[in-house]
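Below you'll find the structure, written out as structure tokens, and then a few comments.
Here, each number is a calculation from the coordinates, and none is a lab measurement. As the structure is a prediction and not an experimental result, all values here were calculated from the model. Quick reminder, even Gly has a Cβ in these numbers, built from the backbone with ideal geometry, and neighbours come from all protein chains shown.
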């Protein structure tokens, strides 16, 4: 008769994998604001080189550096709004996304009313959309669905 002995295996409990440390909304927001500023500035420079004037009805033109500055400032305003909603809103993510969508749509108003030609207005609206497409999802991912 053959006997088989099994060697007891010892299972070692694996140490719990630490969850990646989540950074606050503002850190991701500042980074995305910088990325959006660079992206809109590069795209504005390309559009300008392609013949888009960015001149309004008075002939005043938006300088290329203005794209970086305004994108950064208004993106940081969005970061502030997200940070407040993270603390105050009952549903921070949904509230922020709706608010950001409405503010992005409102940002089109000057492009359509300040007397820009069609190419400039379309390009400006596209640049606003590009900035929002970079910043809003980044911030929304950092916000909880409900508090």
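The ellipsoid equivalent to the alpha-carbon distribution of segment 25-142 has semi-axes of 28, 15, 10 angstrom, derived from the gyration tensor eigenvalues as √(5λ) and listed largest first.
Per-residue Cβ neighbour counts within 10 Å put 28, 128 in the sequence 28, 128, beginning with the fewest.
Specify whether the C-alpha gyration tensor of segment 97-138 places it in the rounded, prolate or oblate class, a ≥ b ≥ c being the square roots of the eigenvalues: rounded for a/c under 1.5, otherwise prolate if a/b is larger than b/c and oblate if not. In terms of gyration-tensor shape, oblate.
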